[in-house]
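> Structure provided below as structure tokens; questions to follow.
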Amino acid sequence: MKALRLLDWKSDPVLVDVAEPRPEPGQVVVRIGGAGACHSDLHLMHDFESGQLPWAPPFTLGHENAGWVHALGEGVTGLRPGQPVAVYGPWGCGTCQRCLQGVDTYCENLAAAPVPGGGGGLGLDGGMAELMLVPHARHAVPLPEGMDPVNAAPLTDAALTPYHAVRRAWPKLPPGSTAVVIGVGGLGHLAVQILKATTAARVIAVDTRAEALALATQEGADLVLAPGEEAAAQIRDYTGGRGAEVVLDCVGTDSTLALGAASARILGDLTIIGLGGGTLPVSFFALPYELSVQTTYWGSRPELIEVLDLAARGLLRAVTTIFPLAEAPEAYRRLAAGELTGRAVITP
Ligand code: NAD
Ligand code: ZN
Ligand code: ZN
């Protein structure tokens with residue numbers, strides 16, 4: 001079968017022939033319906049070098065996947081061939097306290113994980129191929145009735161990641177509050193929807209691109225802004241001078257972090273989701289009092305089930321552009337050039 005593989009750091013992925021995977025006991029092979037093209041893949045292609053991560057190429061890209069059960073390894077029960085499933089992407093050891101809670105993202109026994117701190121498309125073979133090996137049946141999460149795997153794929157990362165970030169900030173988002181989403185791409189356009197569906201906060205979206213701001217408006221943003229020198233002041237004006245209770249930075253550069261800190265309210269939350277590599281200087285007078293700053297990584301399995309439920313009820317919908325596997329390199333080119341709105345989904 002054909003697969004889009006990253007063969008080395010600092011290189012573009014290539015389409016090559018690979019052997020079809022077979023499931024060992026306890027494993028599942030999924031026939032991929034959709035594999036989302038995440039901006040993190042661009043970071044993988046361009047920003048990392050040997051030794052920086054605990055895993056390395058070669059591997060098949062695609063860490064945002066859904067499809068149909070193709071083959072079950074010995075001993076797997078509760079799933080049947082042909083069944084539509086989402087693939088929960090972060091793969092931990094399965095037995096530490098975090099993994100037992102469904103929080104494989106923060107596995108505390110990485111040495112026993114299939115790959116330390118990664119998963120399919122992140123060190124191991126991912127979904128940009130016809131078939132994908134899922135190393136444990138618990139990662140194959142049945143889709144709600146009637147949900148198409150192509151639409152479901154982006155939910156497993158582009159929605160799950162901001163859902164986790166919003167969910168942990170729920171107590172700070174009562175009626176009367178404001179949340180800011182910086183970067184309205186794959187993750188950000190779903191962050192706007194998640195805020196609208198699960199909180200009563202007003203939502204401000206910030207992006208450099210007019211098409212992204214138009215998408216944010218379509219998805220329910222109350223105010224859209226370009227990130228300029230005025231942006232922080234505009235956010236303060238909009239919030240009666242107080243600032244936003246929660247800022248989700250889906251870019252993560254020096255300038256977006258500075259904007260986040262300048263527009264957050266005292267006692268607020270600044271969550272760094274984007275891997276833009278920026279830093280935020282911290283000192284006593286540099287930040288609003290009691291601003292909590294955190295990075296978040298992906299989301300938990302129970303949260304994925306909640307995300308799927310939101311989508312099944314029509315409260316969450318990824319805006320997608322579809323590409324066949326042969327055009328996956330073109331999808332990444334357009335993602336890098338800022339020519340996509342929403343998420344590109346590859347359909348092997
Ligand atoms: P994307 O390319 O689809 O979207 C990024 C958006 O940010 C684009 O709309 C772009 O126009 C906008 N943007 C760029 N620079 C900006 C600036 N200075 N100010 C405002 N907007 C700006 O990317 P994506 O797939 O949504 O991923 C977003 C980031 O999140 C990436 O860095 C990715 O690696 C990271 N990510 C993190 C996690 C995690 O678990 N923390 C998970 C997935 C992705
Ligand atoms: Zn991702
Ligand atoms: Zn674990």
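Here, each number is a calculation from the coordinates, and none is a lab measurement. In this text the structure is predicted, and so the values were computed from the model without any measurement. Cβ: placed from backbone, ideal geometry, glycine included. Neighbour counts: every protein chain shown.
> Could you pull out the residue among I322, I266 that is on the phi < 0 side of the Ramachandran plot, among the β-branched types (V, I, T) and out of contact with any helix residue (DSSP H, G or I) (no Cβ under 8 Å at 6 or more places or on another chain)?
Exactly one of I322, I266 is on the phi < 0 side of the Ramachandran plot, among the β-branched types (V, I, T) and out of contact with any helix residue (DSSP H, G or I) (no Cβ under 8 Å at 6 or more places or on another chain), namely I266.
> Do you know which residues across the stretch 58-72 are away from ligand 2 (no atom under 16 Å from the Cβ) and in contact (Cβ under 8 Å) with a residue 60 or more places away in the chain?
G67, W68, V69, H70, L72
> Identify all residues within the stretch 100-131 that are within 16 Å of ligand 2 (Cβ to nearest atom) and of a type in the set (V, I, T); write none if there are none.
T105, V115
> Tally the residues that are part of a helix (DSSP H, G or I), out of contact with any Lys or Arg (no Cβ under 9 Å at 6 or more places or on another chain) and away from ligand 1 (no atom under 14 Å from the Cβ), restricting the search to the stretch 301-348.
Total meeting the criteria: 10.
> List the pairs whose first member sits in the stretch 77-106 and is polar (S, T, N, Q), whose second member is part of a loop (DSSP other than H, G, I, E, B) and crowded, with 16+ Cβ neighbours inside 10 Å, and whose Cβ atoms are under 8 Å apart, counting only residues at least 6 apart or on separate chains?
Cβ pairs passing all conditions: Q101/S300; T105/G92; T105/W298; T105/G299; T105/S300.
> Continuing with this model, one more query. Residues A158, A179: which one is within 10 Å of ligand 1 (Cβ to nearest atom) and either of a type in the set (A, V, I, L, M) or buried (at least 24 other Cβ atoms within 10 Å of the Cβ) (or both)?
Being within 10 Å of ligand 1 (Cβ to nearest atom) and either of a type in the set (A, V, I, L, M) or buried (at least 24 other Cβ atoms within 10 Å of the Cβ) (or both) holds for just one of A158, A179, which is A158.
> Moving to a separate point now. Residues being more than 16 Å from ligand 1 (Cβ to nearest atom) and among the aliphatic types (A, V, I, L, M): count how many of those fall in the stretch 6-59.
11
> Sort out which residues of the stretch 224-261 are more than 15 Å from L291 (Cα to Cα), more than 20 Å from the chain's Cα centre (by Cα) and outside any helix (DSSP H, G or I), and write them in order of number.
V224, L225, A226, P227, G228, E229, E230, T239, G240, G241
> Go through (1) aliphatic (A, V, I, L, M); (2) crowded, with 21+ Cβ neighbours inside 10 Å; (3) over 24 Å from L287 (Cα atoms) one by one and return the number of the condition L225 breaks.
Failing condition for L225: (3).
> Answer yes or no: is there a residue in the stretch 271-278 that is within 19 Å of A169 (Cα to Cα) and without any contact (Cβ under 8 Å) to a residue 40 or more places away in the chain.
yes
> Which one is nearest to the chain's Cα centre (by Cα) among residues in the stretch 296-338 that are surrounded by fewer than 17 Cβ atoms within 10 Å (Cβ to Cβ) and within 16 Å of ligand 2 (Cβ to nearest atom)?
The residue in question is Y297.
> Moving on. Collect the residues in the stretch 156-174 that are in a helix (DSSP H, G or I) and more than 12 Å from ligand 2 (Cβ to nearest atom), keeping them in residue-number order.
Hits for the stretch 156-174 are Y163, H164, A165, V166, R167, R168, A169, W170, P171, K172.
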